[in-house]
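This report concerns only the one structure given below.
The values are calculated or read from the model by the stated rules, or taken from the named source; none is laboratory data. This one's a predicted model, so the numbers in the text were calculated from it and none came from an experiment. Here the Cβ positions follow ideal geometry from the backbone for every residue, glycine too, while neighbour counts run over all protein chains shown. Surface accessibility is based on the protein's heavy atoms, side chains included, excluding ligands, DNA and RNA. Shrake-Rupley method; radii C 1.70, N 1.55, O 1.52, S 1.80 Å.
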Amino acid sequence: MLNDLTQDDVRRLTEQHYQSFLQARLAGAKALARLDAAMQARHALLPMPLTLRELALLPQLSDASLLALARSPHSGHWSRDDIGDTDPAQVLAGDDAYAGFSRLILEEAACHLAAIHAGQLPYVADAAFATADSGVLARAARVASYRDDGWFAPVIATLLPQACVAPGTARSAPSQSLAMALGHGVETIPTPASLQALRTALEQVRHAGIRKKLERHLKPAEKALARRA
C-alpha cells in the first residue's frame, strides 16, 4: 500500500501535514503509515529532519495544540504580515510536551551553531539547518518566549546572532532563513533576552540583506516589549 504513493499523493499529504495528521488519526493506522511514508519521501527530496521529529511528537500533543497547528496557515514561518493573527505558538506554550520539544531542539541548534563558529564543524553558507526546518525552530523560540522560560535567555543569545554571522570575515550567514524567522518572532513576542539578541545580531551581521530585514523588527519589538512590561 505504501509503495503506491504518487507524487500527487506526496504533495497533497505533506503540503498541510498537520491537517493530514488529524485526518489520518481519525482514519486509522494505515492512513498514519501512509502519511509517514509521504513525509519520508518528501524528506528524501527536501531534507527536513526537525519537521519529521515534530511529526513524531504530534500524537503526544493535546487536541487544542493539534487544532492550533492545523487551523493556522502560518503555523510554520511567521512573518510581519501574519502578526495580528492567532499565533499557534501561543497555544503550544501551554502544552508541556511541545514545550519540552522546543527546549530540546533550540538547545541542540544553539550548540550546533556554536560548534560551527568554534571550527569544530565545517562552515557552509546557508547550510547550518534545512530551510524547511527554520519555521519549526522559530516556532519553538516563540513558545519559549510566551512561557518566559529562564533557560531561553542564553539559548537565544547564541542562536540569533550566530545564525546571522559567518565565522571569520565572510559576508554570508549560517542560516538566512532561521535568522529572518527568529527576527519575526522577536517582533511578535519579545523578551528582554531576545530583544538583546536582536541588537547583538544587528551589531555583528555583515550580510546586508539580513541586516536590512532585521532592522525592520527592532523598533516594533521594543514597543511590544514595553507593552508586555
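How about K213: which aspartates and glutamates have a C-alpha closer than 16 Å to its C-alpha, ignoring those fewer than 8 places off in the same chain?
D81, D82, E187, E203, E222
Which of the three applies to the range 85-218, rounded, prolate or oblate, going by the alpha-carbon gyration tensor with a ≥ b ≥ c and a/c under 1.5 meaning rounded? Mind showing how you got there, number by number?
Values: a/c = 1.86, a/b = 1.43, b/c = 1.30.
Prolate, since a/c reaches 1.5 and a/b exceeds b/c.
Carbon-plus-sulfur fraction of the accessible area of the chain, 1.4 Å probe, in percent?
Details: 5910 of 10950 Å².
Ligands and nucleic acids excluded, carbon and sulfur give 54 percent.
Note the full-extension length gain between Q7 and D63 as 0.36 nm times their separation in residues minus their Cα-Cα distance, in nm to one decimal.
17.2 nm
Report, in whole Å, the centroid distance computed from the Cα atoms of the range 155-173 and the range 94-141.
Taking the Cα centre of the range 94-141 as reference, the centre of the range 155-173 is 13 Å away.
Viscosity 0.890 mPa s, temperature 25 °C: give me the Stokes-Einstein translational D for the range 159-229 in µm²/s, with Rh taken as the Kirkwood radius over C-alpha pairs. The partial results should precede the final answer.
Values: Rh = 11.8 Å.
Calculated translational D: 208 µm²/s.
With a probe of 1.4 Å, find how much accessible area the chain has per residue, and write the answer as a whole number in Å². Let's see the in-between values first.
Values: 10950 Å² over 229 residues.
That works out to 48 Å² per residue.
Report the gain in length on full extension from R53 to W151: 0.36 nm times residue separation, minus Cα-Cα distance, nm rounded to one decimal.
Values: separation 98, 0.36 × 98 = 35.28 nm, distance 2.14 nm.
So the chain would gain 33.1 nm between R53 and W151.
For every other residue with a beta carbon closer than 10 angstrom to the beta carbon of F152, add +1 if it is Lys or Arg and -1 if Asp or Glu, then tell me the sum. Intermediate results must be reported in sequence, preceding the final value.
On the way: positive: R103, R147; negative: E107, D148, D149.
After counting each charged neighbour, the total is -1.
Give a quick list of trypsin sites (Lys or Arg not before Pro) in the range 130-192 that DSSP marks as loop, anything other than H, G, I, E or B, with at most 16 other Cβ atoms within 10 Å. Walk me through the intermediate numbers first.
Details: sites: R139, R142, R147, R171; in loops: R171.
Here the trypsin sites (Lys or Arg not before Pro) that fit, given the DSSP loop and packing criteria, are R171.
For the chain, compute the orientation-averaged projected area of the C-alpha convex hull (one quarter of its surface), in nm². Mind dumping the intermediate values first?
On the way: hull surface 50.6 nm².
Value for the chain: 12.7 nm².
Where in the chain are the helices, taken as whole DSSP H runs, whose Cα atoms extend 24 angstrom or more along the long axis and whose Kyte-Doolittle mean reaches at least 0.0? All intermediate terms of the calculation are to be shown ahead of the outcome.
Values: long enough: 29-45 (25 Å, 0.16); 96-117 (32 Å, 0.57); 208-228 (30 Å, -1.08).
Helix filter hits for the chain: 29-45, 96-117.
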